[in-house]
Structure formats: structure tokens, C-alpha cells
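Worksheet for the structure shown next.
Derivation of every value follows stated rules applied to the coordinates shown; laboratory data play no part. Just so you know, these numbers come straight off a predicted model, no measurement behind them.
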Amino acid sequence: MKTLVRDRPQSVLFACTLNAVRSPMAEALGKHFFGNEVYFASAGVKRGTKDAFAIAAMEEIGIDISRHKPHMFEDLEDSFFDLIVTLSPEAHHKALEFTRSLAVEVVYWPTLDPTVVEGGRERILEAYRNVRDGLLARIEGLMEYRPMSNP
């Protein structure tokens, strides 16, 4: 059973550098666990390309992000968000610029870019899992809600 939280943001934008790994993962986690209760979107500072490891890490918990098309802040149809969560320094700078004339809260969640991890497939995938699980924990805390079952 979900608990109604009065101060929960109703629209959240997750932003990272390329909108290919961290922010699409966060957007998909938010949508998966909160459905239509909250509007989630994501954007990047630059346009990236799909990331097979991000897709695989999310598939492990039953969330499909294979149809996600990376896009940039400039591609957003709407700029009315209650909260923008930035996941990289570049995205934080861009979000502050983007919201200069808007009444939007911007918070920074420093999040490792798993694309920089080197090694074998399992080591790289573990880095993506750590990012996924860390984002889920932070989203749960942000939304003051815990899903019935965690991945």
C-alpha cells in the first residue's frame, strides 16, 4: 500500500551528461515504482547514444529502457518541473543555467559514470548495477516511499 506524501514533488527531471545511462535509469526507476503519481523525465547536456550495459542492468530488475532515445535539455517540451536532480557536474551547471528564471529546485546527486569503469564484462556490469541500486535508494528517500519489494 502506498502512502500519500504531501510534500512529494509532482514532476522530476533527472539530468546527466549524455542522457544515456544515469538519467534514463533514474527516470525509468521513478516511472516503474511511482507510475502516474509523479511525472518523471530525463535529459542530458549533450546527446548520447543507447548504452547496452544500462539496458542490461535495468532488464535484470524487469525494467525495459531499450526504447529510450537520448535527448538534451533543449529537446524538452516542458520546463515546468518541481525538482531537477542532476547526476553529473556538467548537468548541474546546465540545470542552474536552465532554471535561472524559473522557480525550480535543483539538487545534485554525485553519481559515478559507470562508462569509465574498465575491466571485464562482469566488472563493468557491476558498476552499472551499483549506479542503478544507488539511484533507486536515493529516489526512495526523495519520494519518502519504499516499494513493496526491492530488486
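Read phi for every residue in the stretch 13-20 and hand back ³J(HN,Hα) as whole Hz from Karplus 6.51 cos²θ - 1.76 cosθ + 1.60, θ = phi - 60°, with x for Gly and Pro.
10, 9, 9, 9, 6, 10, 6, 10
Run the numbers for K31 and R121: contour at 0.36 nm per residue of separation, minus the present Cα-Cα distance, in nm.
29.6 nm
For Rg/Rh (Cα atoms, Kirkwood Rh), which listed value, (i) 1.35; (ii) 0.95; (iii) 0.91, comes from the coordinates shown?
Derived directly from the coordinates: (ii).
Using just the helices of the chain, give the 222 nm mean residue ellipticity in deg cm²/dmol: DSSP H runs with n ≥ 4 each add -39,500 (n - 2.57), and the total is spread over all residues, rounded to 500. Working shown, then result.
Working: 4 runs with 54 residues, N = 151.
Mean residue ellipticity, 222 nm, calculated: -11500 deg cm²/dmol.
Can you name the helices of the chain, as whole DSSP H runs, whose Cα span along the helix axis is 24 Å or more and whose Kyte-Doolittle mean is not below -0.5? Write down the numbers at each step before the final one.
Numbers: long enough: 121-143 (33 Å, -0.36).
Sorted by number, the helices that extend far enough and score high enough are 121-143.
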